[in-house]
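**Q** Before we start, here is the structure in question, set down as C-alpha cells.
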Amino acid sequence: MSVRPDSWIRQMAAKGMITPFCSDQVKENSLGDRVISYGTSSYGYDIRVTNEFRVFTNLHSSVVDPKGMDRSCFVDVVADEVLIPPNSFALARTVEYFKIPRNVITVCLGKSTYARCGIIVNVTPFEPEWEGHVTLEISNTTPLPAKIYAHEGIAQVLFFESDDPCETSYADRAGKYQSQVGITLPRM
C-alpha cells in the first residue's frame, strides 16, 4: 500500500470519488475572510462539516451505549457555528459525499488547528467500496466551551491505494453505514 499524492486524488475525484470536490486548498471564503482550510492537500483531502450538528447533552441522565444510543441524549443544532460544551462532544456530517474504490482505504484524522485547541475528531477509516456522507465525532476535551465552524475544514482524509483490490469490501459485507446521508447514530 502507498499513500497517494494530490494528483492521484484529483484523478479519482474526477471519477466521482469525492462530491463536491475542491481541486485547490481553500483558505478564505468568498468575502475574503480567512477560513480553516479545506480541499486538496499534499497527500490527502481536507473535509468540511455541514451546518447540522447533534450536540451531546446529559439533560436526561442517560447512559452512553453504542448498542442502544438514546436519541434524547442529543440536541439538534442548525447553525454556521456551534458550541460544544466542556468535556462533551457533537456529531456532524461532511459536506462531501465519498465513493471509495475497491483498492483504496482511507484514514480520517482531525486537523491540527482544532487539535491545538483541545478539539479532537475521532480517527476513522473509510473502507474499500464504502460510500456516503461521513458522520464525524468531534470531542471537546477542554473545561471550556469549544466553537466549531460549519463549511470550513475539520479533518484530513489520507488515501492509501493497494496494488490489488481487497477480497471482501464494505459493500460485499453490506456494511451498516453504507450510503448514509445524514448524521447517523451508532447501529447494531
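FYI, it's all coordinate maths here, none of it is from the lab. All values reported here derive from a predicted model rather than from experimental measurement. Cβ placement follows ideal geometry from the backbone for every residue including glycine, while neighbour counts extend to all protein chains displayed.
**Q** In whole Hz, with x marking every Gly and Pro, tabulate ³J(HN,Hα) for the stretch 117-134 from phi via Karplus 6.51 cos²θ - 1.76 cosθ + 1.60, θ = phi - 60°.
**A** 9, x, 9, 10, 9, 4, 5, 8, x, 10, 6, x, 6, 7, 9, x, 7, 8
**Q** Around K176, what is the net charge, scoring Lys/Arg as +1 and Asp/Glu as -1 over all other residues with Cβ under 13 Å from its Cβ?
**A** Charge balance in the 13 Å sphere: +2.
**Q** Among G68, G32, P128, whose Cα projects farthest towards the positive end of the dipole of the chain, with charges put on the beta-carbon of Lys, Arg (+1) and Asp, Glu (-1)?
**A** So the residue furthest toward the plus end is G68.
**Q** Moving on. Run the numbers on the chain and let me know its relative contact order in percent, using alpha-carbon pairs under 8 Å that are six or more apart.
**A** Relative contact order comes out at 27 percent.
**Q** What do you get for Rg/Rh over the stretch 4-65 if you use C-alpha atoms and the Kirkwood form of Rh?
**A** Looking at the stretch 4-65, the ratio lands at 1.19.
**Q** Calculate the dipole size of the chain relative to its Cα centre from +1 charges on Lys and Arg beta carbons and -1 charges on Asp and Glu beta carbons; express the result in debye to the nearest 20.
**A** 220 debye
**Q** Let me ask something else. Please report the net charge: other residues with Cβ closer than 13 Å to the Cβ of C117, K and R +1, D and E -1.
**A** After counting each charged neighbour, the total is +3.
**Q** On to the next question. Projected onto the charge dipole of the stretch 78-163 (+1 at Lys/Arg Cβ, -1 at Asp/Glu Cβ, origin at the Cα centre), which of F89, A146, L109 gives the Cα projection farthest towards the positive end?
**A** The Cα lying farthest towards the positive end belongs to A146.
**Q** Excluding residues fewer than 8 places away in the same chain, name every one of the lysines whose C-alpha is closer than 21 Å to that of K99.
**A** K15, K176
**Q** Another question, then. Cross-link candidates for K27: which lysines have Cα within less than 24 Å, leaving aside residues fewer than 8 places away along the same chain?
**A** K111, K147
**Q** Give me the mean projected area, in nm² to one decimal, of the convex hull enclosing the Cα positions of the chain.
**A** Orientation-averaged projected area of the Cα hull: 11.1 nm².
**Q** Now for a separate question. Would you please report the Å³ per residue occupied by the convex hull of the alpha carbon atoms in the stretch 136-188?
**A** Spread over its residues, the Cα hull of the stretch 136-188 gives 158 Å³ apiece.
**Q** Any idea what the dipole of the stretch 51-124 comes to, in debye rounded to 20, about its Cα centre with Lys/Arg Cβ at +1 and Asp/Glu Cβ at -1?
**A** So the dipole magnitude of the stretch 51-124 works out to roughly 360 debye.
**Q** To continue, here is another question. Could you give the longest part of the chain that holds none of the trypsin sites (Lys or Arg not before Pro) found in DSSP loops with at most 12 neighbouring Cβ atoms within 10 Å?
**A** The longest uninterrupted stretch comes out as 117-172.
**Q** Further question on the same structure: Using 0.36 nm times the number of residues separating V35 and K15, minus their current alpha carbon distance, what extension gain do you get?
**A** Roughly 4.4 nm would be gained on extension.
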